[in-house]
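Novice: Can you read through this structure? Questions will come right after.
The values are calculated or read from the model by the stated rules, or taken from the named source; none is laboratory data. Here the structure is a predicted model, which means the values were calculated and not measured. Glycine gets a Cβ as well: all are built from the backbone with ideal geometry, and neighbour counts include every protein chain shown. Heavy atoms of the whole protein, side chains included, go into the accessibility calculation; ligands, DNA and RNA do not. Shrake-Rupley method; radii C 1.70, N 1.55, O 1.52, S 1.80 Å.
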Amino acid sequence: MGASEPAPFRLVIVSNRGPYHLTEVNGEMKYEKTIGGLATAILPVLENSGGVWISGGNPGGRHPNAPGRPPFDLHLIELTDEQVRGFYHGLSNSALWPLCHYFLGRVNYDWSEWQTYEQVNRRFAQVALEDAHANDVIWVHDYHLARAPYYIRAERPNARLAFFWHIPFPAPEIFRTLPWRRKFLASLLACNLVGFHIPEYVKNFKEVAVELLGAEVKGDLVYCNGHATQVAALPIGIDDAAIDRQARQPRVERRMERLRESLRGQTLILGVERMDYTKGILERLRGMEHLLKTKPEIHGKVTLIQIVTPSREGVAAYREKKREIDEIVGRINGRFSNDLWTPIHYLYRAFTPSRLVVYYRAADIALVTPLRDGLNLIAKEYVAARIHQDGVLILSEFAGVTCQLPEALSVNPYDIEDMAAVIEQALVMPKEEQRRRIQAMQARIKAENVTWWMNAFLDKMANL
Ligand code: F6P
């Protein structure tokens, strides 16, 4: 990765999921790194310049003697089971998550969960206020902690306060259903800087700020109650160089070859996601089913490997979705498999980044077809891992990343006929066309990589 600039100020990062967690090994607590886009972006800066990262974690507090400790100050906030239920499984993932992903039918607005959300946000804010010195920049992340800025600003009017919203910011018609909509907006507008992935989310945010709080917009500044908030569209990037390096490792090459040999010349289609109803896994499987029904000539010639990482199993909607996916995979394989061929390989477990790269290298086609997605880093990782500039990316028109990757084949994931037709188009795409598209996407992924993203934020923060 190209080096991030050293931060000319101390950063205090506040997020629900942290860059490290504590695990118990042989009765001893040990730090382990968490995998994730945000950690990839911010860790190099904290490692070089110091700072604090405040996140949820069990046990809470600081553990200076635990092995594997990061070279900066990590402050874990432990929540009770009841708080986790109300704040994380409840308001965050049963109200805000479906709301922002346009699943109004799945939204559950619960007043006691809202109170727990407020309580937990206030707690994170208090810890941030204790840890942050006067000139530090406090950078809060994501929908779990959208109310923390309000509590920080109330205590410290001069705080340098930034926020990044990692998921879609929905259209005004959707956002307006949120019972606590003005409180959410007022909290985000208590920040000096609010970042979103793409211009559409910035536009939606500005519109509701004007409509619901009477804010005034001038360019990228939103004025409300005499306070200015700068808003910016900055899609998070990946460490493209690290993926390229991993993809070229002999070990990856060997594993990739073994995987390809097991497919005996078939075309490999790949899907990778967290188990989530927003990811369109079921719809994609229906598209495959339609293709297999209508094109018997591809039987035995195409395999879909669908990797699904378990996620948010404490939320009923997620357990339900898993049952539906298990069922449809069984139905498709039951109907179409023969002695030599199983059309869907369904792997329900977590994979390390280096194992995922083996699949990225092996796959002729990547199907990234969420029903709605803030950005989507799998699409970028697949393209970055294509070291021979071949392969086809099929991308949902409802993923934020489409505006960075217009050369992907676009699909409406709700339309199974469209899905089947686009997969067919990918199956016959000439190598030269694959190369042209992948090269264009690789250039953009490199230009707008994680270092670019981080430096863009650091530059903006320097002026807060
Ligand atoms: O990008 C959205 C996001 O909710 C992150 O905030 C989060 O860390 C990630 O997806 C995975 O979700 P979770 O933290 O609930 O496992």
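Novice: So ALA41 fits all but one of (1) open to solvent by less than 20 Å² (accessible area, probe 1.4 Å); (2) in a strand (DSSP E or B); (3) within 15 Å of the ligand (Cβ to nearest atom); what number is the exception?
Specialist: Every condition holds for ALA41 apart from (2).
Novice: Looking only at helices (runs of 4 or more DSSP H) that fall completely inside the range 138-236, which ones have 2 or more residues that are of a type in the set (Phe, Trp, Tyr) and at negative phi?
Specialist: On the way: elements: 148-155, 172-175, 181-188, 199-213.
Output list reads 148-155, 199-213.
Novice: While we're looking at this one, here's another question. Quickly run through the range 333-356 and pick out the residues that are of a type in the set (A, V, I, L, M, F, W, C) and open to solvent by less than 70 Å² (accessible area, probe 1.4 Å). Can you show your working first?
Specialist: So the first thing to find is which residues in the range 333-356 are of a type in the set (A, V, I, L, M, F, W, C), and the list is 336, 340-341, 344, 347, 350-351, 356.
If the condition is that a residue be of a type in the set (A, V, I, L, M, F, W, C) and open to solvent by less than 70 Å² (accessible area, probe 1.4 Å), then PHE336, TRP341, ILE344, LEU347, PHE351, LEU356 are the ones that fit.
Novice: Still on this structure, please answer the following. Looking at the range 22-40, which of its residues are within 19 Å of the chain's Cα centre (by Cα), touching a residue at least 40 places away in the same chain (Cβ under 8 Å) and over 12 Å from TRP53 (Cβ atoms)? Give the derivation first.
Specialist: Within the range 22-40, the subset within 19 Å of the chain's Cα centre (by Cα) is 33-40.
Restricting the remaining residues to those that are touching a residue at least 40 places away in the same chain (Cβ under 8 Å) gives 35, 37-38, 40.
Within the range 22-40, ILE35, GLY37, THR40 qualify.
Novice: Of everything in the range 88-127, what is in contact with a strand residue (DSSP E or B) (Cβ under 9 Å, 6 or more places away or on another chain) and open to solvent by less than 80 Å² (accessible area, probe 1.4 Å)? Give them in sequence order.
Specialist: Looking only at the range 88-127, we keep the residues that are in contact with a strand residue (DSSP E or B) (Cβ under 9 Å, 6 or more places away or on another chain), and these are 88, 101, 120, 123-125, 127.
Within the range 88-127, TYR88, HIS101, VAL120, PHE124, ALA125, VAL127 meet the criteria.
Novice: Hey, another quick one. Cβ-Cβ under 7 Å, sequence separation 6+ or interchain: first residue in the range 98-123 and in the same structural domain as PRO172 (by TED's automatic domain parsing) and in a loop (DSSP other than H, G, I, E, B), partner among the small types (Gly, Ala, Ser) and open to solvent by less than 90 Å² (accessible area, probe 1.4 Å). Which pairs?
Specialist: Every condition considered, the pairs that remain are VAL107/ALA95; ASN108/SER94; ASN108/ALA95; TYR109/ALA95; ASP110/GLY90.
Conditions tested, residue by residue: (1) surrounded by fewer than 23 Cβ atoms within 10 Å (Cβ to Cβ); (2) closer than 18 Å to THR352 by Cα.
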residue	(1), (2)
ALA233	yes, no
ASP239	yes, yes
GLN249	yes, yes
GLY265	yes, no
ILE269	no, no
LYS279	no, no
GLY287	no, no
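Novice: Need pairs with beta-carbon distance below 7 Å; first residue under 19 Å from GLN119 (Cβ atoms) and of a type outside the set (Ser, Thr, Tyr) and within the range 53-64, second open to solvent by 20 Å² or more (accessible area, probe 1.4 Å) and part of a loop (DSSP other than H, G, I, E, B); sequence gap 6+ or separate chains.
Specialist: GLY56/ASN16; GLY56/ARG17; GLY56/LEU79; GLY57/GLU78; ASN58/GLU78; GLY60/GLU78
For (1) open to solvent by less than 10 Å² (accessible area, probe 1.4 Å); (2) within 16 Å of the ligand (Cβ to nearest atom); (3) touching a His at 6+ places or on another chain (Cβ under 8 Å); (4) not assigned by TED's automatic domain parsing to the domain that holds MET454, each residue gets a yes or a no:
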position: LEU129; (1), (2), (3), (4): no, no, no, no
position: VAL137; (1), (2), (3), (4): yes, no, no, no
position: HIS144; (1), (2), (3), (4): no, yes, no, no
position: PHE169; (1), (2), (3), (4): yes, yes, no, no
position: LEU213; (1), (2), (3), (4): no, no, no, no
position: LYS218; (1), (2), (3), (4): no, no, no, no
position: LEU221; (1), (2), (3), (4): no, no, no, no
position: ASN225; (1), (2), (3), (4): no, no, no, no
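Novice: So if I check each of TYR151, TYR201, which one is more than 16 Å from the ligand (Cβ to nearest atom), outside the structural domain of VAL401 (by TED's automatic domain parsing), of a type outside the set (A, V, I, L, M) and at pLDDT 95 or above?
Specialist: Numbers: TYR201 fails: more than 16 Å from the ligand (Cβ to nearest atom).
Unique residue meeting the criteria: TYR151.
Novice: Out of all the residues in the range 297-309, is one or more of a type outside the set (S, T, N, Q) and within 16 Å of the ligand (Cβ to nearest atom)? It would help to see each step written out before you state the result.
Specialist: Applying the first criterion (of a type outside the set (S, T, N, Q)) to the range 297-309 yields 297-302, 304-305, 307-308.
Narrowing further to those that are within 16 Å of the ligand (Cβ to nearest atom): 307-308.
So far as the range 297-309 goes, yes, one or more of its residues are of a type outside the set (S, T, N, Q) and within 16 Å of the ligand (Cβ to nearest atom).
Novice: Does the range 378-386 include one or more residues that are surrounded by fewer than 20 Cβ atoms within 10 Å (Cβ to Cβ) and within 23 Å of ALA242 (Cα to Cα)?
Specialist: The initial filter retains those residues of the range 378-386 that are surrounded by fewer than 20 Cβ atoms within 10 Å (Cβ to Cβ), namely none.
No, the range 378-386 contains no residue that is surrounded by fewer than 20 Cβ atoms within 10 Å (Cβ to Cβ) and within 23 Å of ALA242 (Cα to Cα).
Novice: Here is a further query. Failed condition for ILE269, given (1) farther than 29 Å from GLY37 by Cα; (2) not in a helix (DSSP H, G or I), with all others met?
Specialist: So ILE269 meets the others, but not (1).
Novice: Keeping to the range 404-433, report how many residues are closer than 12 Å to LEU367 by Cα, without any contact (Cβ under 8 Å) to a residue 60 or more places away in the chain and part of a helix (DSSP H, G or I).
Specialist: Number of matching residues: 1.
Novice: Which residues, taken from the range 8-20, are assigned to a strand (DSSP E or B) and either within 25 Å of TYR151 (Cα to Cα) or open to solvent by 70 Å² or more (accessible area, probe 1.4 Å) (or both)?
Specialist: Pass one, the range 8-20, residues assigned to a strand (DSSP E or B): 11-15, 20.
Residues satisfying the conditions are LEU11, VAL12, ILE13, VAL14, SER15.
So that you can scan it fast, the table gives a plain yes or no per residue for (1) within 15 Å of the ligand (Cβ to nearest atom); (2) closer than 19 Å to ASN455 by Cβ; (3) among the acidic types (Asp, Glu):
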site	(1), (2), (3)
LEU11	no, yes, no
VAL14	yes, no, no
THR23	no, no, no
GLY27	no, no, no
TYR31	no, no, no
HIS63	no, no, no
LEU74	no, no, no
ASN93	yes, no, no
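Novice: Being modelled with pLDDT of 95 or more, in the same structural domain as GLU324 (by TED's automatic domain parsing) and under 27 Å from TYR318 (Cα atoms) narrows it down to one of LEU263, LEU270, LEU259, so name that one.
Specialist: Numbers: LEU263 fails: under 27 Å from TYR318 (Cα atoms); LEU259 fails: under 27 Å from TYR318 (Cα atoms).
It is LEU270.
Novice: Please go through the range 44-60 and give me each residue that is away from the ligand (no atom under 16 Å from the Cβ) and of a type in the set (A, V, I, L, M), ordered by number. Spell out the reasoning first.
Specialist: We begin by selecting, within the range 44-60, every residue away from the ligand (no atom under 16 Å from the Cβ); these are 44-52, 59-60.
Passing the criteria: VAL45, LEU46, VAL52.
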